[in-house]
Amino acid sequence: MDTIFAPITPVVSSAVIVVRISGKDTVKAFKLFRKKNGSIPAFEHARVYHLKFIHNNKELDDVIAYYFKSPKSYTGEDILEISFHGNPKILSMAFNEFIKLGFRFAEPGEFTKRAFLNGKLDLSQAEAVNELISAKSEYAVMRSFEQLKGNLKADILEFKDKLIDVLSVVEVFVDFPDEDIDDEQIVFCRNQLKSVIDKLSYMIDTFNKMKYFKYGVTVAIAGRPNVGKSSLLNTLLNEDRAIVSDIPGTTRDFIEETIMIKDLPVRFVDTAGLRDTDSDIESAGIGFSYKRIKEADIVLLVFDASNPLSTEDINLLDDVKGENVIKVANKCDKPICAKMDYDVLISAKSKINIDKLTDLIYERAVGADFDKSNQTFLITERHYNAFLDVYNTLSTLYSNFDTDKLDLISIDLQDCLEKITEITGQKYTNELLDNIFSKFCIGK
């Protein structure tokens, strides 16, 4: 494979910009460095050097360089990493030197792709690298790192062993149809299948919850004008982000801001007050509001608890049917006049029960009994889809373990094993690799 290079830090004016070189010809780059005495360094594995970088036979920069000899490196190839002073012009001149040596610029994710191809990571671990970089919460970081360490790989090996046990029993009776499979062997097969199905069910259930920890949950704040939506947003953000006014229709566009509730990123969208209006501008804002409500993961439907429910309030309840709605009664610091089954009573102005509201948002997103123990969580859609297919197939096998159809059961089990091995990359196509690693940033 070609020797490749790329910056592994942003190429912007900064203190330092780091460049990585990987490949069989990495040693050719040694000639671009000089020690204090003017000699070319003889790089040793895992050593750090303070050197001069040479461009057109002249000193270009003081750099820190470190060398990792194959196979003890991230990619499994010879790697040289150089910390330049953070001037993009210096990088441009250095890149010209690398190109002269026959190196080429790395494609997105190519370093990690080589780590996979050289057996340093399995495919699930390689994908975890990208998930680790893009994670937006502490919990998502932890789960991505767990997968990088190989927890999903370990579970897949366990699934494979159990399915192979079942397949071994089934294959015997497929090859020797005159033999009768006894009840004990059927119980063994069903128990093995049940064990895999139960674990898969748990892992599949974690996927949507992990999406919230990775990308955040969107919460739309909706209601008719003057129920306190903007005040609630300001209280949740702990700042005056939205204009608060007694004049109906103040909010004509939506405002978005993100906070952390526990370790969950929550993006609040304050929408325009929902009512009938003759104003074209306000109508446009209301139209956007309904769109954002439909797109939201959770809707906070806010009511003014100090006034009786209006026809508009009742109509709004019908409008958001089918959504994940939390009914919020605001202004509970005043005498309560509205009569309905609220999920939480608050006062945005007096900051009463705001903690109860945030707890309820968290529970609606991930569940009150959400288990944060060291179980394996699915963090990519590819894994989710593969496991869902396997789960559906195995569930059918478990429910209909028909000894008269062992040949079909054998085919389904082999198909499940194939899908599982695709997750770790024991079986892959170039198209699959291109699709996965094209989503990586340059430098990884």
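Selection of first residues in region 380-405 that are under 20 Å from Leu123 (Cβ atoms) and β-branched (Val, Ile, Thr) and of second residues that are assigned to a helix (DSSP H, G or I) and open to solvent by less than 60 Å² (accessible area, probe 1.4 Å), restricted to Cβ pairs under 6 Å at least 6 apart or on distinct chains, gives the following pairs, ordered by first then second residue: Thr380/Glu127; Val390/Cys416; Val390/Lys419.
The residues listed here are Lys294, Lys334; of these, the one that is touching a residue at least 24 places away in the same chain (Cβ under 8 Å), assigned to a helix (DSSP H, G or I), out of contact with any helix residue (DSSP H, G or I) (no Cβ under 7 Å at 6 or more places or on another chain) and open to solvent by 80 Å² or more (accessible area, probe 1.4 Å) is Lys294.
Anything in region 194-209 that is open to solvent by less than 70 Å² (accessible area, probe 1.4 Å) and either without any contact (Cβ under 8 Å) to a residue 12 or more places away in the chain or under 14 Å from the mean Cα position of the chain (by Cα) (or both)? List them, or say none.
Initial filter on region 194-209 (open to solvent by less than 70 Å² (accessible area, probe 1.4 Å)): 195-197, 199-204, 206-207, 209.
Those that are open to solvent by less than 70 Å² (accessible area, probe 1.4 Å) and either without any contact (Cβ under 8 Å) to a residue 12 or more places away in the chain or under 14 Å from the mean Cα position of the chain (by Cα) (or both): Thr206, Phe207, Lys209.
Of the candidates Ser310, Ser306, the single residue that is open to solvent by less than 50 Å² (accessible area, probe 1.4 Å) and in contact with a Pro (Cβ under 9 Å, 6 or more places away or on another chain) is Ser306.
Conditions (1) within 16 Å of Val390 (Cβ to Cβ); (2) charged (D, E, K, R); (3) modelled with pLDDT of 90 or more, marked per residue:
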{"residue": "Val141", "(1), (2), (3)": "no, no, no"}
{"residue": "Asp161", "(1), (2), (3)": "yes, yes, yes"}
{"residue": "Val174", "(1), (2), (3)": "no, no, no"}
{"residue": "Asp180", "(1), (2), (3)": "no, yes, no"}
{"residue": "Gln185", "(1), (2), (3)": "no, no, no"}
{"residue": "Tyr202", "(1), (2), (3)": "yes, no, no"}
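Where helices (runs of 4 or more DSSP H) fall wholly inside region 41-142, the ranges with 1 or more residues that are more than 30 Å from Thr376 (Cβ to Cβ) and either without any contact (Cβ under 8 Å) to a residue 40 or more places away in the chain or open to solvent by 50 Å² or more (accessible area, probe 1.4 Å) (or both) are 88-100.
When the criteria are applied in full, Phe159 fails the requirement of being surrounded by fewer than 19 Cβ atoms within 10 Å (Cβ to Cβ) and in a helix (DSSP H, G or I). Checking each residue in region 403-440 for being touching a Leu at 6+ places or on another chain (Cβ under 8 Å) and either open to solvent by 80 Å² or more (accessible area, probe 1.4 Å) or charged (D, E, K, R) (or both) picks out Asp412, Gln414, Glu422, Tyr428.
With respect to Gly322, is the statement that it is closer than 25 Å to Arg292 by Cβ, open to solvent by 50 Å² or more (accessible area, probe 1.4 Å) and among the small types (Gly, Ala, Ser) true? In short, yes.
The values are calculated or read from the model by the stated rules, or taken from the named source; none is laboratory data. Source: prediction; values computed, not measured. Neighbour counts run over all protein chains shown; Cβ positions are idealised from the backbone, glycine included. Ligands, DNA and RNA are stripped out before the accessible areas are found, and what is left, the full protein with its side chains, is counted by its heavy atoms. Shrake-Rupley method; radii C 1.70, N 1.55, O 1.52, S 1.80 Å.
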